Amino acid sequence: MKVPPGVDAGQFAQAIAQFKQIVGEEWVFTEDADVALYRDAYSILWGTPEERLASAAVCPQSTEEVQRVVRIANTYRIPIYPISCGRNLGYGGSAPNYSGSVVLDLKRMNRILSVDEARAHVLVEPGVSYFDLYRHFQEHNVRLVIDTPDPGWGSLIGNALDHGGGYLQAPYRNHFDSHCGMEVVLPNGELLRTGMGALPGAQSWQDYKFGVGPWIDGIFSQSNFGVVTKMGFWVMPMPDAFFSGTVFAYRRDDLSAMVEEMNYAQYSDISNGMPFLASPLYGGSTLVPRDQRVVDYLATQPGGDVSDEQLQAFGKANRIPYWSVILKFYGAERALRESWEYCKQKFAAKVPGVTFQDGTMWKFPLREQDIPHIHKPEFGVPSLDMFVRGARTPAHPQPDWGHIWFSPIIPRTGEAIFEANRVITQILTDYDLTDSYRRVKFSVPSAYWSHSFVLIYGFAVTRVPEKDRKTVEGIKMLISECAKHGWGEYRAAPALQETVVNAYSFNNHALLHFNETLKDAIDPNGILSAGRYGIWPKHLRNKT
Amino acid sequence: MSLRSLAYLAAALSLGASVCAFGADEAARGHTVFEQWCVACHGEGPGHPGTGALAVKYHGTKPALLEQRTDLTPAIIKFYVRNGYSIMTPFRKTEITDAQLDALAAYLSNAGRAAGRGGAARAAAKGQGSG
């Protein structure tokens with residue numbers, strides 16, 4: 001049995017014995033083969049001495065069991081690391097930041113505690129995945145639409161706590177923003193409820209976020225201050241219909257105007273779905289591939305590439321747009337068509353020569369035969385379709401062993417897109433890195449968050465240590481160079497979290513120092529998720 | 001429940017224990033596990049990365065759909081569930097318990113043959129011979 005660093009083997013054995021009394025012998029894992037299941041399968045450090053590994057796992061089934069486990073951990077100073085579904089792949093997985101931690105696996109806490117269709121909210125435990133909630137809605141004919149990320153096997157709570165997102169209307173697709181009320185087990189085992197939940201017998205825990213006094217929910221995200229055991233979420237009422245329309249522009253210089261109009265359509269709530277920017281000439285977005293005629297044309301060119309001017313000329317000659325914006329609308333059918341007509345007028349007045357294409361008007365609830373033809377998350381249908389990127393395909397015959405994300409936030413402007421691509425492409429070239437999800441040089445950002453863009457690069461995990469080490473080096477360079485330009489990441493895998501957090505260094509790392517002050521006050525023994533997002537307990541600070 | 005799964009269950013129930021390596025209850029349990037954890041990647045049609053990957057790997061020499069395979073042993077199924085391969089991660093025991101894995105392994109190691117029997121039974125019911 002592995003023993004956490006700094007913990008006496010005898011004391012660890014006593015703690016394990018007490019964990020077994022709490023959760024049952026079969027739900028404490030100490031055998032190597034069982035503990036190996038908690039490795040981060042997408043770890044960029046796989047098989048190296050730096051890989052973060054658990055010593056054991058404990059799997060409670062209730063909040064009360066979590067409290068008791070945490071108290072034991074506190075007594076024996078055992079480092080523990082809670083996971084919800086353990087599927088934060090590319091940003092973490094089920095392995096701890098601090099090797100030797102005992103994973104607190106909350107997957108067995110999988111109850112959907114309430115679903116209120118009329119008030120459009122749910123209350124769930126950490127082990128509930130998007131698939132689980134979707135099945136529940138289907139079985140009980142609940143007319144609510146889940147905002148799911150591309151992979152649907154993750155936890156609603158885990159995803160929200162790591163600031164994940166989806167594709168529906170802005171109030172729902174930022175998953176942390178869409179939550180309403182938390183229950184948290186603090187590192188001393190005390191139970192806390194936030195917002196209206198602090199009021200005994202509260203009638204509106206999932207209806208009003210703030211309660212009274214400081215709103216502290218944020219400190220439990222991307223942190224290590226508590227174990228979240230319940231969380232409420234607002235869920236989108238099922239609309240009558242979904243419609244999308246695409247705007248095409250044909251000059252490279254049209255980008256800024258396209259982004260401005262896209263922003264206006266969303267900020268004014270005329271287009272209430274997630275807008276999707278793409279470039280048929282460059283490729284560079286996940287859902288709209290590079291036009292095949294461009295691919296064929298470039299294959300005939302020396303070095304497989306041409307200048308931007310040549311690309312634009314090829315596009316103009318072949319009527320291939322430089323840019324496209326897909327606007328999305330949820331609501332009543334007539335209103336959607338009117339909104340799209342208005343958006344067309346706005347774009348036509350702002351961007352010379354734009355053309356338009358109507359999408360399909362999809363009616364809710366979807367029919368089974370609709371599902372193969374849609375991008376499922378836009379309709380609240382969880383899937384694992386996105387894993388086709390990285391899997392073995394005709395174009396990718398040697399499959400990857402996972403991916404690691406690099407995701408800087410940039411302003412929602414055309415200028416920022418060009419500038420970020422200029423800086424990032426140079427580093428990708430220097431480090432021989434390829435975004436394995438687009439496989440083109442130019443990256444078009446996504447508009448998950450209501451007022452920013454996020455550029456998302458996925459780099460292949462190869463399990464060839466030398467190659468993966470070079471990938472880490474390259475990403476760390478990207479992080480530091482982007483920081484010099486004022487772009488920081490919104491989320492990161494454990495191997496990168498400290499580098500990312502260190503870039504947020506305003507006023508001599510005042511934010512990190514504040515978080516460390518909180519850590520020392522809330523978790524004085526430093527048992528919970530040591531090192532998560534760069535927050536180390538006092539006894540490990542500056543030693544790792 | 002897919003037609004193939006219905007065919008499997010019908011075959012398991014109608015042909016009896018003499019031709020089934022395990023009972024209908026275990027088949028149903030294994031099928032439930034498959035539907036919950038596997039079908040999102042290993043289901044039929046586009047948008048299923050596991051099926052797509054196996055189609056490329058085997059180039060038609062074996063079925064890309066796990067439920068059509070006749071060469072999967074329980075040991076192979078258990079190995080991949082607990083070890084993963086490529087972008088398929090291992091599954092923890094809080095996700096698929098050992099008992100559920102037994103059922104899944106029993107189901108998949110017989111699903112292809114059962115589907116064949118089910119197909120034959122359906123064809124026979126339509127008076128089309130066993131084809």
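The values are calculated or read from the model by the stated rules, or taken from the named source; none is laboratory data. Since this is a predicted model, take the numbers as computed values, not measurements. Note: ideal-geometry Cβ built from the backbone for every residue, glycine included; neighbour counts use all protein chains shown. With ligands, DNA and RNA removed, areas are computed over all heavy atoms of the protein, side chains included. Shrake-Rupley method; radii C 1.70, N 1.55, O 1.52, S 1.80 Å.
Figures for the structure shown
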{"read-out": "Residues within region A:399-415 that are more than 7 Å from chain B (Cβ to nearest Cβ) and without any contact (Cβ under 8 Å) to a residue 60 or more places away in the chain, tallied", "value": "1"}
{"read-out": "Strands (runs of 3 or more DSSP E) completely within region A:65-145 that count 2 or more residues being touching a strand residue (DSSP E or B) at 6+ places or on another chain (Cβ under 8 Å), among the hydrophobic types (A, V, I, L, M, F, W, C) and surrounded by fewer than 18 Cβ atoms within 10 Å (Cβ to Cβ)", "value": "A:112-116"}
{"read-out": "Test set (1) at pLDDT 95 or above; (2) within 26 Å of residue A:34 (Cβ to Cβ); (3) more than 14 Å from every other protein chain (Cβ to nearest Cβ) - residue B:26 fails condition number", "value": "(1)"}
{"read-out": "The listed residue being farther than 22 Å from residue A:90 by Cα, at the interface with another protein chain (Cβ under 8 Å from one of its Cβ atoms) and not β-branched (Val, Ile, Thr), out of A:365, A:394", "value": "A:394"}
{"read-out": "Among (1) within 13 Å of chain B (Cβ to nearest Cβ); (2) surrounded by fewer than 20 Cβ atoms within 10 Å (Cβ to Cβ); (3) at negative phi, the one test that residue A:13 misses", "value": "(1)"}
{"read-out": "Within region A:405-432, tally of residues that are open to solvent by 20 Å² or more (accessible area, probe 1.4 Å) and assigned to a loop (DSSP other than H, G, I, E, B)", "value": "4"}
{"read-out": "Evaluation of residue A:380 against (1) on the phi < 0 side of the Ramachandran plot; (2) away from chain B (no Cβ under 12 Å) (one fails), failing number", "value": "(1)"}
{"read-out": "Test: residue A:350 is open to solvent by 70 Å² or more (accessible area, probe 1.4 Å), among the basic types (Lys, Arg) and away from every other protein chain (no Cβ under 14 Å)", "value": "yes"}
{"read-out": "Matching residues, region A:39-64, being open to solvent by 50 Å² or more (accessible area, probe 1.4 Å) and either away from chain B (no Cβ under 12 Å) or not in a loop (DSSP other than H, G, I, E, B) (or both)", "value": "A:47, A:49, A:50, A:52, A:53, A:64"}
{"read-out": "Condition broken by residue A:36, with the remaining ones in (1) more than 13 Å from chain B (Cβ to nearest Cβ); (2) assigned to a helix (DSSP H, G or I) satisfied", "value": "(1)"}
{"read-out": "Considering residues of region A:164-193 that are part of a loop (DSSP other than H, G, I, E, B) and either open to solvent by 10 Å² or more (accessible area, probe 1.4 Å) or without any contact (Cβ under 8 Å) to a residue 24 or more places away in the chain (or both) only, the residue nearest to residue A:93 (Cα to Cα)", "value": "A:176"}
{"read-out": "Among (1) open to solvent by less than 60 Å² (accessible area, probe 1.4 Å); (2) in contact with a helix residue (DSSP H, G or I) (Cβ under 8 Å, 6 or more places away or on another chain); (3) free of Cβ contacts under 8 Å to residues at least 24 places away in the same chain - the single one residue A:396 does not satisfy", "value": "(2)"}
